[in-house]
Amino acid sequence: MSLVSDYDRRAHEHEALSCPRCHKTMTPGLAMLGRGLIWRKPETTGAGTFSMITQALPNTISMNIRPAYNRAWRCDACSTALVDYSKMVRVK
Ligand SMILES: [Zn+2]
């Protein structure tokens, strides 16, 4: 079961993260990952559909009609995105 709370836009905007790649200030936003952020270690082989689902990172699956999002940040300079999967948030 995912942890979900209401989205606190001001708190999000105050977390001014620098891009880990190019060090520019990243833009906060909300990422909807749907079936989850599927994470695969590069050395893992033979992952089918079922096993891929089991590898979704916690708190990233949202298939409800009223979707939940993950707080995220993007860097348009180098096309890098960061996702916070400590919990999911709902927007009012
Ligand atoms: Zn960057």
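Which condition does residue 16 not pass, out of (1) surrounded by 12 or more Cβ atoms within 10 Å (Cβ to Cβ); (2) at pLDDT below 95, if it passes all the others?
It is condition (1) that residue 16 fails.
Which of the strands (runs of 3 or more DSSP E) contained wholly in segment 32-92 include at least 1 residues that are at pLDDT 90 or above and away from the ligand (no atom under 16 Å from the Cβ)?
Values: elements: 70-75, 80-83, 88-90.
Those strands (runs of 3 or more DSSP E) span 70-75, 88-90.
The values are calculated or read from the model by the stated rules, or taken from the named source; none is laboratory data. If you're wondering where the values come from, they're calculated on a predicted model, not measured in any experiment. In this analysis, Cβ positions are derived from the backbone assuming ideal geometry, glycine residues included, and neighbour counts consider all displayed protein chains.
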